[in-house]
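Remarks on the structure that follows.
The values are calculated or read from the model by the stated rules, or taken from the named source; none is laboratory data. These numbers come from a predicted model, not from an experiment. All Cβ positions, glycine included, derive from the backbone under ideal geometry; neighbour counts span all protein chains shown. Quick note on the areas: whole protein, heavy atoms, side chains included, nothing else; ligands and nucleic acids left out. Shrake-Rupley method; radii C 1.70, N 1.55, O 1.52, S 1.80 Å.
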Amino acid sequence: MTRGPQRRLIPYPFSDLSAWPAPDLNVISLDEKSRYLDRKLAVEMYADNESSSNIKNATGKSANEIVRLVRKCLAPNGQGGIAGFTALLTGSRTGSYIRQKKIVRRPGDLSAGCAGALGQLFSKLPDVEAAVQEYLFKTASREIIHEARISYRSIHREFIKLLRNANMADDEWPFNTQNRGYNALIKYCHRLRDDNLGRWVSARVGKDAARRGVVGNGYKPLIPVLRPYSHVQLDFHKIDASSIILLENDYGGQLEIPLSRWHIGLLIDERSSAVLGACIALENNPSGDSVLETIESALIDYSEEHQSLAFAFLSKEKILPNQCFSELRHQCFSSLKMDNAWSNSATEVVNNVIDTVGCAVNFGPVRAWWRRPLIERIFGELTRKGLQRLPSTYGNGPSDTRRGDPTGTAVTFKIMLSELIVIVFGCIQQYNNSISEGLQFTTPLNVLQTSLAKPSSGFFPQPLAIQTQYKLTLLSHVEEGFVRGNLNKHIRPHIRSDRCRYTNDVLANSYHLVGKKLVLYINRRDVRQVRATIKDTGEDIGFLLPERRWSGSAISVRERKIINRSGLAMQIHDEREDVVAAWGRQKKEQMILQRKEKRKRLHQSKEALSIAQHAMRNTPPSNVVEPESSLDISTKYPDPFGLYDIPNIKSVDRRR
């Protein structure tokens with residue numbers, strides 16, 4: 001028997017009925033299972049181009065019933081697919097209910113028997129439905145000023161106002177029910193939420209929550225993580241521990257650097273969850289040097305060089321994988337995932353990483369920590385295990401009970417950077433050697449060890465090229481500067497970087513390079529290793545030597561910047577008085593004292609004259625004879641200045 005063409009009701013993309021969604025027959029009753037199997041058989045016979053008579057004889061379904069069942073199965077499920085065989089269950093609804101009958105209720109009645117009333121109302125008043133959607137999704141409108149997050153009760157209140165403006169009577173729905181259609185409106189808003197989840201989350205939860213919706217969406221990643229060192233994550237975490245850093249220079253002097261916030265950078269392997277590299281960044285915001293140093297710590301063992309603040313601790317302990325396994329030294333990775341911060345997206349960082357490691361750099365969205373949940377979880381564990389237990393912690397915020405007086409505690413206890421380094425890297429060591437439920441109760445280092453031991457794991461070492469290992473450009477801090485010098489004053493050509501003077505025998509005798517721009521490649525771990533090239537010609541002039549005060553200092557670029565910054569700050573805050581200024585102040589004080597003493601002597605002389613004049617006015621005339629018993633005035637009143645011994649001066653006749 002020759003069958004006709006494929007039935008037209010079933011589109012070609014859905015012609016494979018085995019891929020249709022189907023219910024679990026083990027959880028439905030026997031009667032419902034029997035009815036379902038008859039309907040399913042009718043749809044399958046229709047898809048196989050069986051005649052209507054044969055389908056009716058087998059299932060008892062008429063032609064119209066068969067068409068209705070097929071269309072019901074092909075109805076969209078709201079998720080980009082069709083309802084499938086699940087639509088054949090009793091009570092399943094694939095289309096929206098449209099009420100035709102008028103609602104007759106008495107005021108105060110409940111909402112029973114009012115199915116489809118809201119849809120019937122919106123069909124008559126589409127402007128009201130549009131206004132409800134504007135309130136729910138915060139659609140831009142000139143007439144509505146949206147709240148930050150409007151409640152459903154407020155939406156219902158606005159809904160009632162709109163109906164009153166439409167001149168609806170009290171005997172019409174929803175005014176003739178007890179809740180005035182509140183439950184129906186809530187269900188309608190929930191259906192809108194399910195159909196427009198992205199818009200609903202953005203309007204009512206926040207933009208960050210809407211962007212977080214890409215996580216856990218049920219889709220498999222395009223590039224799965226199959227082996228260690230395939231994908232690594234890099235991020236920085238702000239440490240909430242106040243500290244006083246004491247840096248000792250080559251001459252035994254100590255510089256105090258108070259820090260309220262600093263950062264720690266981690267490089268995490270997604271497959272093993274191991275911490276591959278770490279960096280202590282003593283900066284308000286991480287810089288490109290911090291990013292490259294974090295990556296470099298995963299490539300080169302700290303014990304290979306003696307230039308690092310953490311060397312004293314890391315050279316004795318096995319913490320990072322490149323220290324624990326010699327096969328992982330200079331091990332490269334395929335993909336580097338970072339956020340879009342300025343330090344990560346710097347040209348120097350991206351170029352150095354791609355040219356040295358040869359990996360792909362993936363920048364995630366800004367402020368989207370959920371795109372890197374692994375590294376954020378590790379940051380949380382390290383913080384809880386170590387840093388928030390310090391007496392100088394700031395905790396999680398002002399209300400954290402662990403928070404006391406962090407700044408005062410740091411000054412009192414003199415929390416040193418070396419102590420914080422021991423705590424941070426001690427927590428990293430503890431984490432790398434702790435079992436994890438996500439790794440089936442295996443430690444991250446054991447996962448790496450097993451991957452190295454088993455070829456079937458698909459992991460094989462991919463170290464850097466030998467030439468790259470010896471000349472690792474990732475360590476280079478690139479700077480540009482002009483050559484300084486003066487032939488007339490015989491000042492040798494040199495170049496300055498971070499308040500340090502560099503030169504060599506070639507540069508010192510090349511006065512023609514004065515004013516030219518040089519490109520400096522400075523080793524981030526050792527500021528003494530500087531190589532220079534002429535920018536215009538690309539000519540290499542070799543390694544430059546630092547001035548004497550830095551020639552014996554095996555410190556990093558960041559450490560020297562900290563020393564310079566803190567040293568200059570100490571000079572500004574130095575309150576000791578200058579010697580010349582102190583001498584001038586003393587001379588001024590002496591002159592003021594001399595003036596005061598002179599004024600005092602003059603004041604005393606004026607007082608003595610006033611007393612004498614007063615005494616003369618009270619002296620009796622000379623022609624008055626005193627009694628014999630009276631004493632002489634010179635004996636009665638002392639006359640130390642001889643004022644009472646006044647000569648007898650006769651009047652002179654001016655006419656003669």
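Before moving on, here are some points about what is shown:
- Residue tally, condition closer than 23 Å to Leu420 by Cβ and at pLDDT below 80, over the stretch 303-340: 15
- Qualifying residue in the stretch 460-474 (condition: touching a Cys at 6+ places or on another chain (Cβ under 9 Å) and surrounded by 15 or more Cβ atoms within 10 Å (Cβ to Cβ)): yes
- Pairs linking a residue in the stretch 551-576 that is closer than 27 Å to Val291 by Cα to a residue that is of a type in the set (Lys, Arg) and at pLDDT 80 or above, with Cβ atoms under 6 Å and 6 or more positions apart or on different chains, are Asn564/Arg499.
- Number of positions in the stretch 35-94 that are touching a Phe, Trp or Tyr at 6+ places or on another chain (Cβ under 6 Å) and not aliphatic (A, V, I, L, M): 3
- Checked across the stretch 59-76, the condition of being open to solvent by 70 Å² or more (accessible area, probe 1.4 Å) and either in contact with a Gly (Cβ under 7 Å, 6 or more places away or on another chain) or over 20 Å from Thr94 (Cα atoms) (or both) holds for no residue.
- Failed criterion for Thr409 (all others in (1) at pLDDT below 65; (2) open to solvent by 60 Å² or more (accessible area, probe 1.4 Å); (3) outside any loop (DSSP other than H, G, I, E, B) hold): (2)
- The stretch 199-212, residues that are open to solvent by 50 Å² or more (accessible area, probe 1.4 Å) and either modelled with pLDDT of 85 or more or in a helix (DSSP H, G or I) (or both): Arg199, Ser202, Lys207, Asp208, Arg211, Arg212
- Each residue in the stretch 489-517 was checked for being open to solvent by less than 50 Å² (accessible area, probe 1.4 Å), in contact with a helix residue (DSSP H, G or I) (Cβ under 8 Å, 6 or more places away or on another chain) and more than 30 Å from Ile280 (Cβ to Cβ), and 4 pass.
- The conditions of being within 32 Å of the chain's Cα centre (by Cα) and part of a helix (DSSP H, G or I) are met by Val447.
- Of Phe137, Phe175, Phe159, all but one fail to be more than 25 Å from Lys101 (Cα to Cα) and open to solvent by less than 40 Å² (accessible area, probe 1.4 Å); the exception is Phe137.
- Filtered residues of the stretch 315-338 (kept if out of contact with any strand residue (DSSP E or B) (no Cβ under 6 Å at 6 or more places or on another chain) and open to solvent by 20 Å² or more (accessible area, probe 1.4 Å)): Ser315, Lys316, Glu317, Lys318, Cys324, Phe325, Ser326, Glu327, Arg329, Ser334
- Scan of the stretch 412-442 for residues that are open to solvent by 80 Å² or more (accessible area, probe 1.4 Å) and at pLDDT below 70, ordered by number: Thr412, Phe413
- Tally of residues being farther than 16 Å from His231 by Cα, open to solvent by 40 Å² or more (accessible area, probe 1.4 Å), touching a strand residue (DSSP E or B) at 6+ places or on another chain (Cβ under 9 Å) and not in a loop (DSSP other than H, G, I, E, B) across the stretch 339-365: 1
- Subset of the stretch 545-580 that is at pLDDT below 75, charged (D, E, K, R) and over 39 Å from the mean Cα position of the chain (by Cα) - its residue that is surrounded by the fewest Cβ atoms within 10 Å (Cβ to Cβ): Arg576
- Looking across the stretch 248-262, just one residue is open to solvent by less than 70 Å² (accessible area, probe 1.4 Å), more than 23 Å from Thr383 (Cα to Cα), at pLDDT 70 or above and not small (Gly, Ala, Ser), and that is Leu255.
Each row is one residue, and each column tells you yes or no for (1) at pLDDT 75 or above; (2) within 24 Å of Val201 (Cα to Cα); (3) open to solvent by less than 50 Å² (accessible area, probe 1.4 Å).
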residue: Lys40; (1), (2), (3): yes, no, no
residue: Leu89; (1), (2), (3): yes, no, yes
residue: Pro107; (1), (2), (3): no, no, no
residue: Cys114; (1), (2), (3): yes, no, yes
residue: Val132; (1), (2), (3): yes, yes, yes
residue: Arg149; (1), (2), (3): yes, yes, no
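- Screening the stretch 534-544 for residues that are open to solvent by 60 Å² or more (accessible area, probe 1.4 Å) and within 39 Å of the chain's Cα centre (by Cα) and picking the one that is farthest from His263 (Cα to Cα) gives Lys535.
- Condition check for Lys588: assigned to a helix (DSSP H, G or I), charged (D, E, K, R) and either more than 34 Å from the chain's Cα centre (by Cα) or at pLDDT 85 or above (or both): yes
- Residue within the stretch 3-21 that is in contact with a strand residue (DSSP E or B) (Cβ under 8 Å, 6 or more places away or on another chain), modelled with pLDDT under 90 and in a strand (DSSP E or B) present: no
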